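Contents: one structure, followed by commentary.
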Amino acid sequence: MSVMLFFIAGSASIVPAVYAELFPTKIRTVGVGVPYSICVAVFGGTAPYLQTWLGSIGQANMFNVYAVILLAIGIAFAFMIPETKGKDLTH
């Protein structure tokens, strides 16, 4: 679990910069804030409850599977993000 958290923390450190490059200047705040808040609420906000519930039914290791699946989805989407090098980001 500690190794997984290490990689999650490493990727999370660059997320604000990457998100900022994806949206035009006029909607950048909303474009970054709304999806981020929804994801934190849905996945981060429910994670402790999910882990507690899985532990109570004897499936505590399934939470690790859940976390690895979400990490794999995140990595897959990271490779799909368009390159912005050399592009005007003020559009």
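Since every read-out is calculated from the coordinates, none of them should be taken as a lab result. Source: prediction; values computed, not measured. Glycine also receives a Cβ, built like all others from the backbone with ideal geometry; neighbour counts cover every protein chain displayed.
Taking only complete DSSP H runs, can you tell me which helices of the chain stretch 20 Å or more along their own long axis by Cα positions and average at least 0.5 on the Kyte-Doolittle scale? Display every interim value, and only then the final one.
On the way: long enough: 62-78 (24 Å, 2.29).
Both cut-offs are met by 62-78.
Evaluate the relative contact order of the chain (contact order divided by residue number), counting alpha-carbon pairs under 8 angstrom at least 6 apart; express in whole percent. All intermediate terms of the calculation are to be shown ahead of the outcome.
Values: 26 pairs, mean separation 35.3, N = 91.
Here the relative contact order equals 39 percent.
With the chain treated as a Gaussian network of Cα nodes joined by springs under 10 Å, which of A17, A67, A47 yields the largest mean-square fluctuation?
Of A17, A67, A47, the Gaussian network model singles out A17 as fluctuating most.
From zero up to wherever the largest Cα-Cα distance of region 2-78 sits, split into 5 Å bins and tell me the percent of pairs in each.
3, 13, 18, 24, 18, 11, 7, 4, 2, 0
Which of Y66, Y49, Y36 moves most in a GNM of the chain, Cα contacts under 10 Å?
Judging by the Gaussian network model, the answer is Y49.
Going through the chain, which trypsin sites (Lys or Arg not before Pro) have at most 16 other Cβ atoms within 10 Å and a DSSP loop state? Walk me through the intermediate numbers first.
Details: sites: K26, R28, K85, K87; in loops: K85, K87.
Sites meeting the loop and neighbour criteria: K85, K87.
Can you sort F43, F77 so the residue with the fewest Cβ neighbours within 10 Å comes first? Could the numbers behind the result be given before it?
Details: F43 13, F77 9.
With the fewest neighbours first, F43, F77 line up as F77, F43.
With runs of 4+ DSSP H residues as the only contributors, calculate the mean residue ellipticity of the chain at 222 nm using -39,500 (n - 2.57) per run, divided by the residue total and rounded to the nearest 500.
Counting only the DSSP helices, I get -19500 deg cm²/dmol.
Going 7 Å from the Cα of I38 along its beta-carbon direction, which residues of region 65-81 have the amide nitrogen within less than 17 Å of the resulting point?
Within reach of a label on I38, which here means backbone N under 17 Å from a point 7 Å along Cα→Cβ, region 65-81 contributes 74, 77.
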